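A.B. asks: The structure is given below, and queries will be raised subsequently.
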Amino acid sequence: MAAKVSLRQLPAKESSVKIGIPLKNHPLFPLPAYFCAMELSQDTKNILGLQLPTDPRWVNLAEKSLEDILTDHAYCEQKAASTCITLIQRYSEKEKLVEDLAPVVTEEWGHFRLVLAELHKRNLKLGLQRKDEYVNKLLAFQKKGGNREDRFLDHLLTMALIEARSCERFKRLSEGLNDEYLRNFYRRFMESEAGHYTLFIELAETYMDKESVRRRWKEWLNYESQIIDSLTIRGDRIH
Ligand SMILES: [Fe+2]
Ligand SMILES: [Fe+2]
């Protein structure tokens, strides 16, 4: 189904920014039914292949640190935009990647501005960027030397994983926050990040054989579950 939705409260200058790309199912990496049907009551255990679900009580912590969680979310969006630019610079010979990621840069930066607007609306301030332990640990798993194509695959799968985990966290917020406006706000981010997850997997399969992608993706999922297990859950962090 198409998930091109824009937030009702989109700032005027942002009116052309979409908050989601079309959600597409994928034969190897199926989106859970509720992403297509938007039935939000199902368990998140197997969301996008993630091995460890987030403790639902994380939402209660996040709710108590709204300025921090919105600040952290804003920087997550900024980093998503920056990383897409980096991928375009680094792999400029891959035409489909450039074509597909160029609009995602705009979309992610639009997300940053939406979160910034939400902070300002609530008389909250964008704080300092924090050390991103989750992402740093993921980066440590990327292949550093050797084959350029292997490194390329890891770049794409790192992005897919961050999108998947963000999507799962946004789902938690969309279900558990007391503020109805924020629940809808996060539901739309959830839809958008699910679409990005699919896009990064599709790009990987465009340039590499599906079996290699599937094999490495499983390794990433296992590694990510160890990271999630090792990190203290904090209400001031999206990850
Ligand atoms: Fe985003
Ligand atoms: Fe995203």
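The values are calculated or read from the model by the stated rules, or taken from the named source; none is laboratory data. Small disclaimer: the values here were computed from a predicted structure and weren't measured. Cβ sites come from the backbone with ideal geometry, for glycine too, and all protein chains shown count toward neighbours.
A.B. asks: Name, by its number, the condition in (1) among the aromatic types (Phe, Trp, Tyr); (2) under 30 Å from Met208 (Cα atoms); (3) within 15 Å of ligand 1 (Cβ to nearest atom) that does not hold for Tyr134.
C.D. replies: Single failed check for Tyr134: (3).
A.B. asks: Only one residue in Glu168, Glu163, Glu191 is of a type in the set (Asp, Glu), closer than 18 Å to Cys76 by Cβ and in contact with a Gly (Cβ under 6 Å, 6 or more places away or on another chain), so which one is that? I'd like the intermediate steps shown before the answer.
C.D. replies: Working: Glu168 fails: in contact with a Gly (Cβ under 6 Å, 6 or more places away or on another chain); Glu163 fails: in contact with a Gly (Cβ under 6 Å, 6 or more places away or on another chain).
Matching residue, one of Glu168, Glu163, Glu191: Glu191.
A.B. asks: Which numbered condition trips up Glu193, out of (1) within 16 Å of ligand 1 (Cβ to nearest atom); (2) in contact (Cβ under 8 Å) with a residue 60 or more places away in the chain; (3) crowded, with 23+ Cβ neighbours inside 10 Å; (4) not hydrophobic (A, V, I, L, M, F, W, C)?
C.D. replies: Just one mismatch for Glu193, condition (2).
A.B. asks: Restricting to the range 108-125, name every residue that is closer than 11 Å to Leu70 by Cα and either crowded, with 16+ Cβ neighbours inside 10 Å or in contact with a strand residue (DSSP E or B) (Cβ under 9 Å, 6 or more places away or on another chain) (or both).
C.D. replies: Initially, the range 108-125 is screened for residues closer than 11 Å to Leu70 by Cα, giving 112, 114-120, 122, 124-125.
Correct list: Phe112, Leu114, Val115, Leu116, Ala117, Glu118, Leu119.
A.B. asks: Within the range 91-117, track down each residue that is farther than 20 Å from His196 by Cβ and under 20 Å from the mean Cα position of the chain (by Cα).
C.D. replies: Matches in the range 91-117: Ala117 only.
A.B. asks: For Thr198, which of the numbered conditions (1) at pLDDT below 95; (2) of a type in the set (Ser, Thr, Tyr); (3) more than 16 Å from ligand 2 (Cβ to nearest atom); (4) under 26 Å from Glu93 (Cα atoms) fails to hold?
C.D. replies: Failed condition: (3).
A.B. asks: Something else now. Just to be sure I understand, how many residues within the range 54-100 are out of contact with any His (no Cβ under 7 Å at 6 or more places or on another chain), closer than 23 Å to Ser174 by Cα and assigned to a helix (DSSP H, G or I)?
C.D. replies: First, pick out the residues of the range 54-100 that are out of contact with any His (no Cβ under 7 Å at 6 or more places or on another chain): 54-76, 78-86, 88-100.
Checking the rest, the ones that are also closer than 23 Å to Ser174 by Cα come to 54-76, 78-81.
Next, only the ones that are assigned to a helix (DSSP H, G or I) stay: 58-64, 66-76, 78-81.
Residues that pass the stated criteria total 22.
A.B. asks: Restricting to the range 218-234, name every residue that is touching a Phe, Trp or Tyr at 6+ places or on another chain (Cβ under 7 Å) and either surrounded by fewer than 17 Cβ atoms within 10 Å (Cβ to Cβ) or farther than 21 Å from Asp154 by Cα (or both).
C.D. replies: Of everything in the range 218-234, those that are touching a Phe, Trp or Tyr at 6+ places or on another chain (Cβ under 7 Å) and either surrounded by fewer than 17 Cβ atoms within 10 Å (Cβ to Cβ) or farther than 21 Å from Asp154 by Cα (or both) turn out to be Tyr223, Leu231, Ile233.
A.B. asks: Pick from the range 76-95 the residues that are more than 16 Å from ligand 2 (Cβ to nearest atom) and of a type in the set (S, T, N, Q): which of them is nearest to Leu128 (Cα to Cα)?
C.D. replies: Narrowing the range 76-95 to residues more than 16 Å from ligand 2 (Cβ to nearest atom): 89-95.
Adding the requirement that they be of a type in the set (S, T, N, Q) leaves 89, 92.
Numbers: Gln89: 27, Ser92: 32 Å.
Per the criteria, the residue is Gln89.
A.B. asks: Identify, by number, the condition in (1) modelled with pLDDT of 95 or more; (2) surrounded by 19 or more Cβ atoms within 10 Å (Cβ to Cβ) that Val105 doesn't meet.
C.D. replies: Only one criterion is unmet by Val105, namely (2).
A.B. asks: Between a residue in the range 90-111 that is on the phi < 0 side of the Ramachandran plot and any residue that is within 11 Å of ligand 2 (Cβ to nearest atom) and of a type outside the set (Gly, Ala, Ser), which pairs come within a Cβ distance under 6 Å, given they are 6 or more apart or on different chains?
C.D. replies: Leu101/Cys84; Val104/Cys84; Val105/Cys84; Glu108/Glu77; His111/Glu77
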